[in-house]
Ligand code: FES
């Protein structure tokens, strides 16, 4: 496993804090994901070896907790709020539109690994839904026009077209 030196240091430091090695599996998974961006098969086997447990014991945790990813994240992340206020404002339909326009399905990156869309829970602007975040950029009141502008902006930033500026409020 090609881990950053600081990750290896954290791993070596945390294991002795547990009375039995296997109890350190969750912190190791967090450190691994922070280092690699996701938990690969190789990473699960590496952790299992480190903690003297079976890879299936690690796999069970990775599949149980939605936080852990089993594939690399796309370069750009589009998050669509699906909590009640935004859902009532049309966020599910908006999410379908974004998937169609960006040519990807929920939770699966585009073929070139450029963009990924996921649902998010409340993004703290419930009165102005639907709310979307693209990486760290925040957009609210996302109607069809604004959605089209967001898509055009993402495409232009990845060299696939031209875009007008999108207002973020
Ligand atoms: S419900 Fe969407 S921002 Fe709160």
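If you go through segment 66-73 one residue at a time, do you hit one that is in contact with a strand residue (DSSP E or B) (Cβ under 8 Å, 6 or more places away or on another chain) and more than 12 Å from the ligand (Cβ to nearest atom)? Within segment 66-73, one or more residues are in contact with a strand residue (DSSP E or B) (Cβ under 8 Å, 6 or more places away or on another chain) and more than 12 Å from the ligand (Cβ to nearest atom). Kindly indicate whether residue 38 is within 18 Å of the chain's Cα centre (by Cα) and part of a helix (DSSP H, G or I). Here the answer is no, as residue 38 does not meet what is asked.
Examine segment 54-69 for a residue that is at negative phi, surrounded by 14 or more Cβ atoms within 10 Å (Cβ to Cβ), within 16 Å of the chain's Cα centre (by Cα) and not in a helix (DSSP H, G or I), and state whether such a residue exists. Looking for residues that are at negative phi, surrounded by 14 or more Cβ atoms within 10 Å (Cβ to Cβ), within 16 Å of the chain's Cα centre (by Cα) and not in a helix (DSSP H, G or I), one finds at least one in segment 54-69, hence yes. Against the list (1) under 19 Å from residue 142 (Cβ atoms); (2) under 15 Å from the mean Cα position of the chain (by Cα), the condition residue 95 fails is (2).
Any read-out appearing in this document is the output of simple, stated calculations on the displayed coordinates, not a laboratory observation. From a predicted model like this one, the values you see are computed outputs, not experimental measurements. Don't worry about glycine lacking a Cβ; one is built from the backbone with ideal geometry, like all the others, and counts go over all protein chains shown.
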